[in-house]
């Protein structure tokens, strides 16, 4: 995913910030609702964003909040 960000000439920080602030990006209504539940219950969080060149990235925070990962959907 970092190579895709580099190719699109964008930083990952704005996407991390959006994820951290609860802007889940391009997820379904059901996934957004699941994220809201996950905030309260301590489950995994998933955000999806489109880069300016159309490439998609996912940001996933583990349930125990120990790690946040940026990846391409095909890397999941």
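The values are calculated or read from the model by the stated rules, or taken from the named source; none is laboratory data. Please read all numbers here as calculations on a predicted model, not as lab measurements. Cβ: placed from backbone, ideal geometry, glycine included. Neighbour counts: every protein chain shown.
A few points about this structure:
- Residue within segment 55-68 that is surrounded by fewer than 16 Cβ atoms within 10 Å (Cβ to Cβ) and either in a helix (DSSP H, G or I) or modelled with pLDDT under 95 (or both) present: no
- Residues (more than 12 Å from residue 60 (Cα to Cα), free of Cβ contacts under 8 Å to residues at least 24 places away in the same chain, touching a strand residue (DSSP E or B) at 6+ places or on another chain (Cβ under 7 Å) and not in a loop (DSSP other than H, G, I, E, B)) located in segment 1-38: 31
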